[in-house]
Amino acid sequence: MITALGYIAAILIGISLGLIGGGGSILTIPVLVYLFGVQPLLATGYSLFIVGSTSLVGAVKNYRKGNVNIKTALTFSIVSTITVLVTRKFLLHIIPDNLFTIMGYAITKSLMTMLLFAVVMMIAAVKMIVGTQPKDCPECAEKFQPGKIIYSGLGIGLLTGLLGAGGGFLIIPALIFLFHLSVKQAIGTSLLIIAINNLLGFTGDIFHTTINWGLLLSVTALAVAGIFIGSKLGEKIHGEKLKKGFGWFVLIMGIYIIIKEIAGL
């Protein structure tokens, strides 16, 4: 029963990516951990492949509709991808499994991974819900803005590497509020950035991790099917509604993860 729910949730991962250009990893990691019994740190690697592959399909679909800003995606990805690779290769493996103890409760790397993931989700969610979207500025997106690219790319690359999160829940606000893309163009561009970051980041796990390819490919196939459903739904919904709906979705998932993890102490 739990496994069946996991496969249904895999379709929802794709729907989320197709509809709002993010949220895939927000669903993927809890699904892998809670429904398929994958260890949290291993789940971060699996998430990179599942979300990256699914996002690539979505990016191609959006590119055909003119909803991908290639220049922004590629420059953003250079910084973030290098950061993901360095994080997965070096930083992730030097962090000890047992971090510290508070009032008799052991705080592990797995627990801290999930809690940090949830906190970042909630911060991004509030920004999406209450933030006023700036006017679209196509010429702004075409300008080379090295400062914004570096600090946003480093931050999102670090989180993607540590948490296995594609970063769509952070990339989309960055593209909207820093680079002034429209919501729908931010969604398409986000999918390409996520695909590049995640798939290259996953290559760092192949040589030192035992991978259950049967589980990984089956979940990915269902997520890819879901992205076609999400893309169709997204064509009928106004951009501002998508932004706020995405924010509430991320906020609820963040609260759920915190409650789930604290209850397990």
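Which angle from 0 to 90°, rounded to the nearest 10, does the C-alpha axis of helix 40-64 make with the longest principal axis of the chain? Once rounded, the angle reads 20 degrees. The C-alpha atoms of the chain define a longest principal axis, and helix 213-234 lies at about 30 degrees to it.
Modelled spin labels at LYS148 and VAL130, positioned 7 Å past Cα toward Cβ, are 2.3 nm from each other. Per-residue ellipticity at 222 nm from helix content only, as computed over the chain with -39500 (n - 2.57) for each DSSP H run of at least four residues, stands at -24500 deg cm²/dmol. Scoring 62-71, 214-223 by mean Cβ neighbours within 10 Å over their residues and listing the highest first yields 214-223, 62-71.
Ordered by packing density, taken as the mean number of other Cβ atoms within 10 Å over each peptide's residues, highest first, how do 179-188, 96-105 rank? Intermediate values should be presented prior to the final figure.
On the way: 179-188: 24.8, 96-105: 9.1.
So the order, starting with the most tightly packed, is 179-188, 96-105.
Tell me the angle of helix 146-163 to the major Cα principal axis of the chain, expressed in degrees between 0 and 90 and rounded to the nearest ten. It works out to around 30 degrees. For region 159-225, the spread of Cα positions along the three principal axes, ordered from largest to smallest, is 41, 27, 15 Å.
More than 28 Å apart: what percent of Cα pairs in the chain qualify? Looking at the chain, the distances longer than 28 Å represent 27 percent of pairs.
Here, each number is a calculation from the coordinates, and none is a lab measurement. Small disclaimer: the values here were computed from a predicted structure and weren't measured. Every residue, glycine as well, gets a Cβ built from its backbone with ideal geometry; the counts of neighbours run over all protein chains shown.
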